[in-house]
Amino acid sequence: MRILTASLALVGLVCAVQGVVQVADVYEQTNQGGSTTRVYDNCQDLSGSCVSGNWNNRIRSTCIYGTWIFFENTDFNPAGTGGAEWAWGSGYCFNLGNAMLGRSKSMRYVGDVANNEAATVSLFINDYFQGPGITIQGNVPNLSGVTIGSIITTGNLAYTVWSETGYGGQSACLLPDGNKPVFYINLSAVGISKISSVSLGCSSDVVARGFSPEKEGHGHFPRV
């Protein structure tokens, strides 16, 4: 996932407070059994382009560090259809749910791969965090031409999203929840019709309605 980084001293200070490097150990059998490999980066095709061997439709359990999403189709469900399962934790191990058990063809981390607690905003083209995406750190005044359907924030800083470039138009605050990821499944959850710029801090009277896990865990998104 491409990361846009603003040259702000505040962002540098946040990134200096290290969380964990995001990696995922995936297993062929449930309960962390059978063959295994480690995934260090976004993997658009688990057939071997980014992992050792063909892992399409083989992952049944995993141990993850950071925030990861597993997808039923290659390229992170680019058409906005298919199953998906999210997970967040530090050394958190689990079996994938029945809907995704042995069905993953792609997977990706959320936020900054080197520091899961960095203050970031990840923007995805489709609802439920599917399809292409970019990750932002700091102020970005112009996102024109970027289609945005859903958002995930990480870290312990607030952001504001704006419907117009240059921080104008409709706006909504994306508030942190400790250092847990906060998921906004679509723009209805954010409360504005489009996103054209992003700024650090809460500068709006509107607060978006996201969800975050109460503790380390995982869950599935509805197949659409």
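No lab work stands behind these numbers, since they all come straight from the coordinates. Because the structure is predicted, anything quoted here is derived from the model rather than measured. Here the Cβ positions follow ideal geometry from the backbone for every residue, glycine too, while neighbour counts run over all protein chains shown.
Dividing the Cα convex hull volume of the stretch 180-224 by residue count, how many Å³ per residue is that?
109 Å³
Taking the radius of gyration and the Kirkwood hydrodynamic radius from Cα positions alone, what is the Rg/Rh ratio for the chain, to two decimal places?
Dividing the radius of gyration by the Kirkwood radius yields 0.97.
Taking every DSSP beta bridge with both residues inside the chain, roughly what % is antiparallel (nearest 5)?
That works out to approximately 90 percent antiparallel.
Is the stretch 68-146 best put as rounded, prolate or oblate by its Cα gyration tensor, with a ≥ b ≥ c the root eigenvalues, rounded for a/c under 1.5, and otherwise prolate when a/b is larger than b/c, oblate when not?
oblate
Cα-Cα pairs above 19 Å in the stretch 50-110: how many percent?
Percent of Cα pairs beyond 19 Å in the stretch 50-110: 24.
If packing is taken as the mean number of other Cβ atoms within 10 Å per residue, what is the order of 112-123, 29-40, highest first?
Answer by packing, highest mean first, reads 112-123, 29-40.
Amide H of residue 77: which non-local residues (sequence gap of 5 or more, or other chain) have their own amide H closer than 5 Å, using H built in the peptide plane?
Here 131 satisfy the definition.
Considering the dipole of the chain built from charges on the beta carbon (Lys and Arg +1, Asp and Glu -1) around the Cα centre, which of 125, 99, 37 is farthest to its positive end?
99
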